[in-house]
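Trainee: Pasting a structure below so you can have a look.
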Amino acid sequence: MTYILGIETSCDETAASIVKDGTVIVSNVVASQIESHKRFGGVVPEVASRHHVEQITLVIEEALTQAAIEPKELDAVAVTEGPGLVGALLIGIQAAKAFAFAHQLPLIGVHHIAGHIYANALENPMEFPMLALVISGGHTELIVMQEDGHFEKIGETRDDAAGEAYDKVARVLSLPYPGGPHIDRLASESDGAVDFPRVWLEEGSYDFSFSGLKSAVINYQHNLQQKGQEINPSHVAAGFQQSVVDVVVEKTRRAAKKYGVKQVIAAGGVAANKGLRTALETTFAEADVPFYVPSLPLCTDNAAMIAAAGYSKFIAGARSDYAMNGRPGMPLSSWNGL
């Protein structure tokens, strides 16, 4: 048995987890900062870093306590190296270095997006070749994995990621932060939908663009205000979500067909969106392609996913040294084959 301690501090969650053999969660502790950032309408990096400093030791101790495991029973420490907020990343990295040094454990730097992908391994076996739809606050990407630990990005957002667009539209509708769950709820309750554009880009492209859709929502609101008419938030939410879902699902379907994958997975915070999950499940059931998406707690940032991805690198022989630094713009390609 291999026990990995995972540590995650890339944004506004301070998390630690113990995972056995890359697939079994023994403990998973997350200290969320949402309440602290709500009044700002988004994550404030300095505030996030200060909270990480306050919480990091506590969550690591709690993860060990819940798992009933002593440090000497661990095999390695995995920590998010990037991408993320540099100040936040450094808190987790320094904590991981100190813990690994004190207990003479191997250290493994993990790519945050790889972590989201490997969250699926905690609930379902991963089969290759596989297509991963990574959809979160800062990322909207389609990634083909021909084998374990190898990533080929075939599509990405050219401007706003889907999660960013959700938050910006939520602000237009005067909804609380984070906006995604509120828009999802309004859309599911709506009895109508505004017809917003779908942005497909060039023929055959797997890239995404949501900035124009966000602008279309803002223009729609302004036009109604100039006419003295009231906006129907649920209709706007439904129309916005339908536009996002239609484009994301169709591009994912096309990519799965072109690359002949055995499995399609979704990963990231926006993968918790019920409208998107339902559309993806329906589409791939009709295409007879296995589709998996993590349970809601594993869609958002957590340390179990970091431990799972770290296990993949651990058994492949990858190790990091104490020169590891936070890499806010860390490319996923840099993690291939490591």
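Trainee: So, in the range 205-226, of the ones that are among the aliphatic types (A, V, I, L, M) and either buried (at least 16 other Cβ atoms within 10 Å of the Cβ) or not assigned by TED's automatic domain parsing to the domain that holds ALA193 (or both), which residue ends up nearest to GLY155 (Cα to Cα)? So that I can check it myself, show each step before the final result.
Mentor: Restricting attention to the range 205-226, the residues satisfying the condition of being among the aliphatic types (A, V, I, L, M) are 213, 216-218, 224.
Keeping just the survivors that are either buried (at least 16 other Cβ atoms within 10 Å of the Cβ) or not assigned by TED's automatic domain parsing to the domain that holds ALA193 (or both) gives 213, 216-217.
Details: LEU213: 18, ALA216: 23, VAL217: 24 Å.
My answer is LEU213.
Trainee: Give me the pairs, please: first residue somewhere in the range 126-144 and within 20 Å of LYS258 (Cβ to Cβ) and among the charged types (D, E, K, R), second residue anywhere and open to solvent by less than 10 Å² (accessible area, probe 1.4 Å) and modelled with pLDDT of 95 or more, beta-carbon distance under 6 Å, and either six or more positions apart or on two chains.
Mentor: GLU127/GLN263; GLU141/VAL134
Trainee: Determine whether the range 280-300 contains at least one residue that is within 18 Å of the chain's Cα centre (by Cα), in a loop (DSSP other than H, G, I, E, B), buried (at least 21 other Cβ atoms within 10 Å of the Cβ) and modelled with pLDDT under 95.
Mentor: Taking the range 280-300 first, the residues within 18 Å of the chain's Cα centre (by Cα) are 280, 291-300.
With the extra rule that they be in a loop (DSSP other than H, G, I, E, B), the set shrinks to 293-295, 300.
Next, from what is left, pick out any that are buried (at least 21 other Cβ atoms within 10 Å of the Cβ): 293-294, 300.
Among the residues that remain, those that are also modelled with pLDDT under 95 are: 300.
Yes, the conditions are met somewhere in the range 280-300.
Trainee: Could you say which residue among GLN94, GLN66 is without any contact (Cβ under 8 Å) to a residue 24 or more places away in the chain and among the polar types (S, T, N, Q)?
Mentor: GLN94
Trainee: Could you please give the count of residues in the range 191-204 that are open to solvent by 30 Å² or more (accessible area, probe 1.4 Å) and touching a residue at least 40 places away in the same chain (Cβ under 8 Å)?
Mentor: 8
The values are calculated or read from the model by the stated rules, or taken from the named source; none is laboratory data. Here the structure is a predicted model, which means the values were calculated and not measured. Note that each Cβ is placed from the backbone with ideal geometry, even for glycine, and that neighbours are counted across all protein chains shown. To get the accessible areas, we keep the full protein, side chains included, count just its heavy atoms, and leave off ligands, DNA and RNA. Shrake-Rupley method; radii C 1.70, N 1.55, O 1.52, S 1.80 Å.
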